[in-house]
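The values are calculated or read from the model by the stated rules, or taken from the named source; none is laboratory data. These figures come from a predicted structure and were not determined experimentally. Cβ sites come from the backbone with ideal geometry, for glycine too, and all protein chains shown count toward neighbours. These area figures cover heavy atoms from the full protein model, side chains too; ligands, DNA and RNA do not enter into them. Shrake-Rupley method; radii C 1.70, N 1.55, O 1.52, S 1.80 Å.
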Amino acid sequence: MRKTFKAGDRVSWNSEAGRVSGTIVRVHTADVNFKGYIHHATSDDPQYEIKSERTDHVALHKARVLRRLRRSAVAS
């Protein structure tokens, strides 16, 4: 079964600096030019645009490197 995510999902992934977590802000289902590179995506194998929770850095990743996280509790 293939992993799928949607905008708003919290995910984590490995980076050079260790485990990073963030929120998916957009799902790309066609090739996209991002930071000077073409990232290949299809509806069957999308690229997920993710904003880091700590640094606000934006990255693109495929589902195979992502791990779903539980939503954080919202303070009342």
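Overview of results
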quantity: Dmax and Rg, reported as Rg then Dmax, of the chain (C-alpha, Å); calculated: 12.6, 42
quantity: Loop sites in the chain: trypsin sites (Lys or Arg not before Pro), DSSP, at most 16 other Cβ within 10 Å; calculated: ARG2, LYS3, LYS6, LYS35, ARG54, ARG70, ARG71
quantity: Neighbourhood net charge (10 Å Cβ-Cβ; Lys/Arg +1, Asp/Glu -1) for ASP9; calculated: +4
quantity: Given charges at Cβ of Lys, Arg, Asp, Glu: the range 1-74 dipole, positive-most of THR55, PHE34, SER12; calculated: SER12
quantity: Cα-based reach from LYS3 at 24 Å (exclusive), listing lysines while leaving out same-chain residues under 8 positions away; calculated: LYS51, LYS62
quantity: GNM result for the chain, Cα springs below 10 Å: residue of SER21, SER52, SER43 fluctuating most strongly; calculated: SER43
quantity: Probe 1.4 Å - accessible area at VAL32, Å² to nearest ten; calculated: 30 Å²
quantity: Cβ-placed point charges (K, R +1; D, E -1), dipole of the chain about Cα centre in debye, nearest 20; calculated: 380 debye
quantity: Relative contact order of the range 22-65, pairs being alpha-carbon contacts under 8 Å that are 6 or more residues apart, as %; calculated: 36 percent
